[in-house]
1. May I ask for the net charge around Ile119, where only other residues with Cβ less than 13 Å from the Cβ of Ile119 are counted and Lys, Arg are +1 while Asp, Glu are -1?
2. Quick one: go through region 295-320 and flag any residue whose amide nitrogen is under 17 Å from the point 7 Å out along the Cα-to-Cβ line of Thr11.
3. If the reach is capped at under 28 angstrom between alpha carbons, list the lysines near Lys264, excluding any in the same chain fewer than eight residues apart.
4. For Thr60 and Ile169, calculate 0.36 nm times their separation in residues minus their Cα-Cα distance, and state this gained length in nm to one decimal.
5. Might you tell me the accessible area per residue for region 210-354, computed with a 1.4 Å probe and given in Å²?
6. Roughly speaking, to the nearest percent, how much of region 46-131's 1.4 Å accessible area is carbon and sulfur?
7. To the nearest 10 Å², what's Glu172's accessible area with a 1.4 Å probe?
8. Under the definition of Cα pairs under 8 Å and six or more residues apart, what whole-number percent is the relative contact order of region 198-355?
Amino acid sequence: MKILVINPGSTSTKIAVYDDEKPILLRNITHHAEELSQFGDVLEQRAFRRQLVLDELRQTEIPLEFDAVIGRGGLVKPIAGGVYEINDKMVDDTLHGCVMHSHACNLGCLIAHEIASTIPHCRAFIADPGVVDELSPLARISGSPLMPRICIWHALNQRAIARRYAHSIGKEYEDLNLIICHLGGGISVAAHEHGRAIDANNALDGEGPFSPERAGSLPAADLIRLCFSGKYTEKQLLKRIAGQAGLTAHLGTNNMREILDRIKQGDEHAQVLVDAMLYHVAKQIAAEAAVLCGNIDAVLLTGGMAHSDYIVSELRRRIGFIAPVYTFPGENEMEALALNALAVLQGKREAKVYQ
């Protein structure tokens with residue numbers, strides 16, 4: 001089976017071509033700020049990015065002959081986990097019903113659908129988008145009926161890592177209770193109970209530990225006062241929660257390699273801030289341990305920051321008492337998307353219908 005994978009990010013579009021499980025092309029097409037500045041909205045970048053994908057395939061002499069095109073899922077309405085066949089309803093919700101049009105992940109569904117529609121007998125999918133919602137009823141309740149809890153998290157990578165870990169010990173994902181922490185530009189922590197993420201934070205712009213780019217949970221009253229201070233517009237404040245927040249707000253950069261280098265060179269301020277971030281990450285992981293009543297098979301650390309020995313060792317020091325801790329550094333989204341599409345094409349999994 002030939003599968004094209006499309007994963008748009010804020011400054012790049014990753015593409016891959018798989019022949020069954022084997023990758024035969026992996027590309028990361030970077031986008032410079034001046035290139036994207038001509039577009040008023042992320043959705044306006046659709047044709048530009050689609051053409052870059054097609055150009056890359058042409059330059060590498062890969063014909064437009066695919067059994068499936070699968071894109072990174074966008075921020076549509078909350079849905080259960082799994083593989084979804086892209087339909088007109090999903091496209092319409094992405095274009096008109098999506099609250100957060102500014103996130104590049106919304107382009108994955110649209111570009112995959114458009115390319116697949118030009119190829120005979122080609123299917124278009126998304127899998128485990130960030131809005132996967134399997135929260136338990138108790139997890140949805142907050143202290144205000146006006147604001148029920150929602151989760152926006154790294155569902156695709158977390159589920160892929162969960163399945164990889166389960167396979168490594170000869171078990172199924174559905175057999176295990178896991179706490180998984182994705183350590184990236186945003187940080188998501190989820191409690192996985194027998195194949196369902198029954199609790200997870202809104203790692204995009206809502207709650208949890210602060211991260212290299214996001215503020216995480218903030219003092220509610222102080223935030224309200226800031227909103228009415230007249231010092232900032234709504235757009236500016238939203239950036240102060242996601243994008244220009246977290247370590248970026250404190251240190252002026254979201255580059256963890258640079259920040260860790262500064263610590264090695266004796267930057268005590270950077271040291272305190274990274275340690276504070278890890279303190280709150282560990283606290284969030286421990287909170288999910290309570291969700292699972294302490295019945296935990298393993299804690300899994302993934303994402304780009306899991307490459308850092310210091311970050312992993314500091315988290316292990318704080319959370320090692322909960323369960324064995326294993327690391328799966330980096331993001332595995334391209335492989336995860338390809339394998340999800342392949343499972344449907346081979347009849348091992350059924351594609352769900354977005355409604």
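1. -1
2. 304-305
3. Lys283
4. 35.4 nm
5. Roughly 55 Å² per residue, with all protein chains present.
6. With neighbouring chains kept in place, the figure for region 46-131 is 51 percent.
7. About 110 Å², ignoring ligands and nucleic acids.
8. Relative contact order for region 198-355 comes out at 17 percent.
The values are calculated or read from the model by the stated rules, or taken from the named source; none is laboratory data. The structure presented is a predicted model; accordingly, all values stated were derived computationally and were not measured. A quick note on method: Cβ atoms are made from the backbone with ideal geometry, for glycine too, and the neighbour counts reach across all protein chains shown. Protein only, heavy atoms only, side chains kept; ligands, DNA and RNA dropped before computing areas. Shrake-Rupley method; radii C 1.70, N 1.55, O 1.52, S 1.80 Å.
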